[in-house]
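Step one of this worksheet: look at the structure below.
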Amino acid sequence: MTTRHYRSLQALLLLLLGLFLGSRLWSGQITWYINTRFLPLTLLGTVGLLVLARALFVERAQPLDALHDHSPGHAQTDGEGEPHGPPAGARPWGLLVFLLPLVIGLVVPHRPLGSEALANRGLSAIAPLRAGGADQPLQLALAPTERTILDWMRAFNLAEDPSAEEGLPADVVGFAYHDPRLPAGQVLLGRFALTCCVADAMAIGLIVEGAGLDQMVDNAWYRVQGPIYLASLDGRPIPLIRAEQVQEVPMPEQPYLYN
Amino acid sequence: MMARLRVLSGKVWHLPLGFALGLLAMAALAGLRQAPQAGAQVSVFATVFLGIFIEAVPFLFLGTLASGLVEVFVRRELLLRLLPTGAFAGALAGSLLGMLFPVCECGVIPLGRRLIRKGVRLPVAIAFMLAAPVVNPVVIASTIAAFGLGPMALWRFALSGLIALTVGLVFSVERQPQRLLQPAPLQGGTAAADGAILRTSLRARVQQSLQIAAEEFFEMGRFLILGAALAALMQTLVPQTFLLGLGSGPVLSVLVLMLLAVVLSICSTVDSFVALAFARAFTGGSVLAFLVFGPMVDIKSTLLYLNVFRRRTVLYILLLTFMLTLVGAVFVNLYLPWA
């Protein structure tokens with residue numbers, strides 16, 4: 001393989017990776033992987049990959065090696081001016097690693113984290129809360145029926161008297177998870193809260209209590225309405241809804257809550 | 001000598017291949033062991049892997065771009081004249097250099113390697129690579145946003161800087177720094193290239209910067225991808241509930257959160273907000289350890305280090321950083337009232 005071919009292969013890989021990121025941005029599914037506030041950075045990364053791909057395409061005609069590096073293992077000429085061999089000890093098969101994100105992204109059906117990840121990560125009854133953040137009073141000031149699961153957790157964690165929150169009407173959306181620690185008649189309604197990307201996703205949730213909940217299917221999404229109370233799970237406080245109405249709904253466009 | 005360099009540089013490639021094969025084998029094993037849930041587990045792995053990769057790509061791009069710009073636009077003589085030559089002053093300068101380059105670990109390692117190639121002394125570069133992911137304006141702002149300007153934020157910056165300074169000083173005693181490095185950084189004559197590059201037009205120099213950045217993106221990117229895959233695999237297979245339930249003593253809690261920092265491999269620009277989740281359940285020292293150790297050592301940064309330093313050097317860096325963080329965090333737990 002000549003240096004020209006090697007550079008072409010690199011440029012093609014960067015182009016494909018850039019297009020892959022761009023397609024996820026375009027489809028909106030990028031929010032299944034990262035916090036929405038990082039979208040401008042991802043756009044920068046996408047443009048960056050395309051710019052680098054172009055730079056390598058240009059280099060095919062003007063090899064940088066001739067000017068920049070004369071090290072051992074760097075592009076050697078075959079005596080006729082055409083560099084051959086990949087530069088700097090690189091091997092073409094080493095580029096296969098860069099196919100990994102593409103293969104995983106295209107072959108594995110993409111979907112956001114759901115209840116299958118909850119079993120491994122566990123449910124956080126205390127996270128994620130910003131200490132001393134200026135936004136806390138605002139969160140508590142939200143009307144009860146507008147609060148998300150995350151807002152309810154914050155409300156119960158930050159309120160001086162959590163019992164004052166009891167009895168307020170809740171209207172929340174989340175995925176169902178039949179936690180083995182819960183008795184019959186109770187189901188967890190969960191969401192994942194993201195700070196940065198899914199690597200730091202924390203499962204949060206509240207308990208739904210009521211009749212007929214056995215029909216709720218794990219990982220399906222539900223809207224649950226009813227008064228909220230404080231319960232405990234493994235000795236830790238957790239909000240509980242006495243369900244008055246349970247309705248299956250499609251997965252929200254943004255399945256995660258953002259911290 | 002040239003043949004030896006070639007052999008060594010070939011060996012560098014064996015590492016990612018080994019990791020890739022190991023990953024595949026582990027993934028296959030995990031799939032077999034949990035056959036009923038295999039599909040769901042693969043889905044979780046894919047989502048977490050892509051999450052880490054997508055999050056890290058812009059930072060890696062910025063780091064390699066900075067590296068390319070430094071290579072083409074900053075003359076070696078200028079760099080060497082600006083940076084102190086003494087071991088202590090050099091390591092101290094390296095610890096603070098991150099204030100000029102606000103990138104996290106994915107970007108700082110290629111830039112650090114570029115500095116070494118430019119002739120910057122090893123203590124400066126090592127201190128820079130360790131400290132910059134924390135001691136930089138973006139991370140300082142995010143830490144203060146999360147914890148306020150209190151002891152946690154101040155201790156984070158101080159302990160990170162101190163560890164970077166100490167590790168930098170330790171490596172300053174090595175008389176032949178080349179023995180610590182992978183062969184690749186020794187190759188090439190940047191000083192010779194400087195003159196040639198500076199004589200070309202601005203457009204050509206930008207193009208050259210981009211070409212260098214692209215080349216580095218491939219050199220570092222493969223480690224980032226493998227690191228992301230390994231971190232995602234760990235997250236899929238190792239129950240976090242098990243880790244978090246291990247204990248909350250002054251030493252064990254520190255060890256648990258250090259391990260968690262390695263497993264999670266979160267970008268240092270946002271790890272403060274994640275650390276807050278542990279602030280109520282864990283000791284102050286352990287949260288501090290999470291904030292100090294994570295940016296310096298995690299799965300992906302370790303693989304990136306292996307592309308710069310020899311394995312033994314990386315092992316020393318990891319051990320020194322681990323021990324110093326542990327001592328610092330346990331000290332905080334035992335002797336400081338806020339923890």
Inset, instruction - Looking at (1) of a type in the set (D, E, K, R); (2) modelled with pLDDT of 90 or more; (3) open to solvent by less than 30 Å² (accessible area, probe 1.4 Å), find the lone condition where A:R54 falls short. - result: (3)
Inset, instruction - Show the residue pairs that are 6+ apart or on different chains and have beta-carbon atoms under 7 Å apart, the first residue being within the range B:129-151 and farther than 29 Å from B:L306 by Cα, the second being assigned to a helix (DSSP H, G or I). - result: B:I144/B:A153; B:A146/B:S272; B:A146/B:F273; B:A146/B:L276; B:F147/B:A153; B:F147/B:S272
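Taking into account only those residues within the range A:175-195 that are out of contact with any strand residue (DSSP E or B) (no Cβ under 7 Å at 6 or more places or on another chain) and not polar (S, T, N, Q), which is nearest to A:L257 (Cα to Cα)?
Looking at residues that are out of contact with any strand residue (DSSP E or B) (no Cβ under 7 Å at 6 or more places or on another chain) and not polar (S, T, N, Q), I get A:P180.
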Legend entry - Sole residue being outside any helix (DSSP H, G or I) and buried (at least 20 other Cβ atoms within 10 Å of the Cβ), chosen from B:V120, B:V48, B:V44: B:V120
Inset, instruction - Just one of (1) at pLDDT 70 or above; (2) over 26 Å from A:L39 (Cβ atoms) trips up B:P16, so point out which. - result: (1)
Legend entry - Residue that is at pLDDT 90 or above and under 27 Å from B:V292 (Cα atoms), where the choices are B:A153, B:A145, B:A214: B:A153
Inset, instruction - Report yes if A:R154 is exposed (fewer than 13 other Cβ atoms within 10 Å of the Cβ) and modelled with pLDDT of 80 or more, otherwise no. - result: no
Inset, instruction - Answer yes or no: is there a residue in the range B:155-170 that is closer than 17 Å to B:L304 by Cβ and either over 18 Å from the mean Cα position of the chain (by Cα) or among the polar types (S, T, N, Q) (or both). - result: no
Legend entry - Odd one out for A:L17, checked against (1) at the interface with chain B (Cβ under 9 Å from one of its Cβ atoms); (2) on the phi > 0 side of the Ramachandran plot; (3) not hydroxyl-bearing (S, T, Y): (2)
Inset, instruction - Give me the pairs, please: first residue somewhere in the range A:39-53 and without any contact (Cβ under 8 Å) to a residue 60 or more places away in the chain, second residue anywhere and among the aromatic types (F, W, Y) and open to solvent by less than 10 Å² (accessible area, probe 1.4 Å), beta-carbon distance under 7 Å, and either six or more positions apart or on two chains. - result: A:L52/B:F217
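Okay, residues lined up against (1) assigned to a helix (DSSP H, G or I); (2) open to solvent by 70 Å² or more (accessible area, probe 1.4 Å); (3) not basic (K, R):
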{"site": "A:R4", "(1), (2), (3)": "yes, yes, no"}
{"site": "A:S8", "(1), (2), (3)": "yes, no, yes"}
{"site": "A:L12", "(1), (2), (3)": "yes, yes, yes"}
{"site": "A:L17", "(1), (2), (3)": "yes, no, yes"}
{"site": "A:G22", "(1), (2), (3)": "yes, no, yes"}
{"site": "A:I30", "(1), (2), (3)": "yes, no, yes"}
{"site": "A:L39", "(1), (2), (3)": "yes, no, yes"}
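The values are calculated or read from the model by the stated rules, or taken from the named source; none is laboratory data. Everything numeric in this text was worked out from a predicted model, so none of it was measured. In this analysis, Cβ positions are derived from the backbone assuming ideal geometry, glycine residues included, and neighbour counts consider all displayed protein chains. Each accessible area value is taken on the protein alone, full model and side chains, heavy atoms only, with ligands, DNA and RNA left out. Shrake-Rupley method; radii C 1.70, N 1.55, O 1.52, S 1.80 Å.
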